[in-house]
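Reviewing the structure listed below.
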Amino acid sequence: MWNDDVEISLCRPTEPMDGFYRNGEGDEVVFVHEGSGTFETIFGDLPYTPGDYVVVPRGTTYRVVAEGPQRHVVFGSPGLIEIPSRYRNEYGQLLEHAPYYTRDIHPPTKLHTHRDRDDHVLTIRVKDGHQRYVLDYHPFDVVGWDGYVYPWTFSIHDFEPITGRIHMPPPSHQTFQGRNFVICSFCPRKLDFDPLAIPIPYHHSNLNSEEMIYYVDGNFSSRKGIEVGSVTLHPSGIPHGPHPGLAERSLGMTETHELAVMCDTFHPLRLTKLAHELDDGKYAYSWNERGSADENPLGVTSHL
Ligand SMILES: [Fe+2]
């Protein structure tokens, strides 16, 4: 899916990465659903494990060395992908109410200086395409660096959920801000604790916003057709909310074990031909069926 602000891709590599890559015109965030390995970068090695967001600023030359099967959700943007402004003070320090903190940000661990003079292929994303350069030296011919721009990882498991007496709308889940989009993390948490709370989202219309959700882990059995690795897309402007009967069945629930990543975009998303082919065509009609009473409402508390 894509628009002028963000591209959202799924990556399930079948072969090792050949050569090096640099996004010359945008920032990238890679959410690692499955797999571990290392982003070898010009700033040093950046190890990753499942649940990590790998944040790669534009201009970073890197190569992904994967260990075992991988499943990634990749966000790329010509705008900046940043820590939300409202989590930071005027000096850029994370504030105490932010759902993550400086200690959760992991920069590259070790810088390797390469001196090899040999052919190295570097693919650069630029001007809506890719250009291929063959360097006669290793691109990591670097002895050190300083400054504030470098790749880093943040684990979704370190996101401290914000909960409330009644339903907390999606900004409480925000993890990154982009140009006309946000990335949010839905993590295991206690649910709304008012004795009269209905602990799942209210029906709403997402005016001026598209909602893409990627389901990472948890029990989504009550959302028909949803399983781990599923993607849903709610086009903007359409009323939606819990499936019929779910609000009643959620009464008394105290916690959710869901794990999901959401990207809300403020301009419409377009689908690639492949994305169109992957659409099962049933999701929009799933509100038309009443679920059976034994369905477990746990895991359905994502922003719907
Ligand atoms: Fe929504």
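Determine, for each peptide in 101-114, 181-194, 61-74, the mean count of other beta carbons within 10 angstrom over its residues, then list the peptides with the highest first.
Highest mean packing first, the order is 181-194, 61-74, 101-114.
A protection proxy built from the mean count of other Cβ atoms within 10 Å ranks the segments 129-142, 159-172, 17-30, 274-287, most packed first, as 17-30, 159-172, 129-142, 274-287.
What's log10 of I(q)/I(0) for segment 1-58 at q = 0.30 Å⁻¹, Debye sum over Cα points only, no solvent? These q points yield log10 I(q)/I(0) values of -1.51. Kirkwood analysis of the Cα pair distances in segment 26-132 returns a hydrodynamic radius of 15.8 Å. With a 1.4 Å probe rolled over the protein heavy atoms of all chains, the accessible area of 90, 227, 210, 7 falls in the order 90, 227, 7, 210, largest first. Diffusion coefficient (Stokes-Einstein, Kirkwood radius over C-alpha pairs, 10 °C, 1.306 mPa s) for segment 94-161: 102 µm²/s, rounded to a whole number. A crude spin-label estimate for the pair residue 89 and residue 279, with each label 7 Å from Cα along the Cβ direction, gives 4.8 nm. Under Stokes-Einstein, with the Kirkwood radius over Cα pairs standing in for Rh, what whole-number D in µm²/s applies to segment 160-207 at 10 °C and 1.306 mPa s? D = 132 µm²/s.
Once the convex hull of all Cα atoms in the chain is built, its volume per residue stands at 138 Å³.
What ranking, highest mean first, results for peptides 264-271, 145-152 when packing means the other Cβ atoms within 10 Å averaged over each residue?
Descending mean neighbour count gives 264-271, 145-152.
Computed over the alpha carbons of segment 60-181, Rg followed by Dmax gives 18.6, 62 Å. Projecting label points 7 angstrom from Cα along Cα→Cβ for residue 110 and residue 207 puts them 5.5 nm apart.
For the chain, the number of Lys pairs with C-alpha atoms closer than 25 Å, counting only pairs eight or more positions apart or on separate chains, is 5.
Overall dimensions of segment 191-289, expressed as equivalent-ellipsoid semi-axes from the Cα gyration tensor (√(5λ), whole Å, largest first), are 25, 16, 13.
The values are calculated or read from the model by the stated rules, or taken from the named source; none is laboratory data. Computed from a predicted structure; not experimentally measured. Here the Cβ is made from the backbone with ideal geometry for all residues, glycine too, and neighbour counts use every protein chain on show. To get the accessible areas, we keep the full protein, side chains included, count just its heavy atoms, and leave off ligands, DNA and RNA. Shrake-Rupley method; radii C 1.70, N 1.55, O 1.52, S 1.80 Å.
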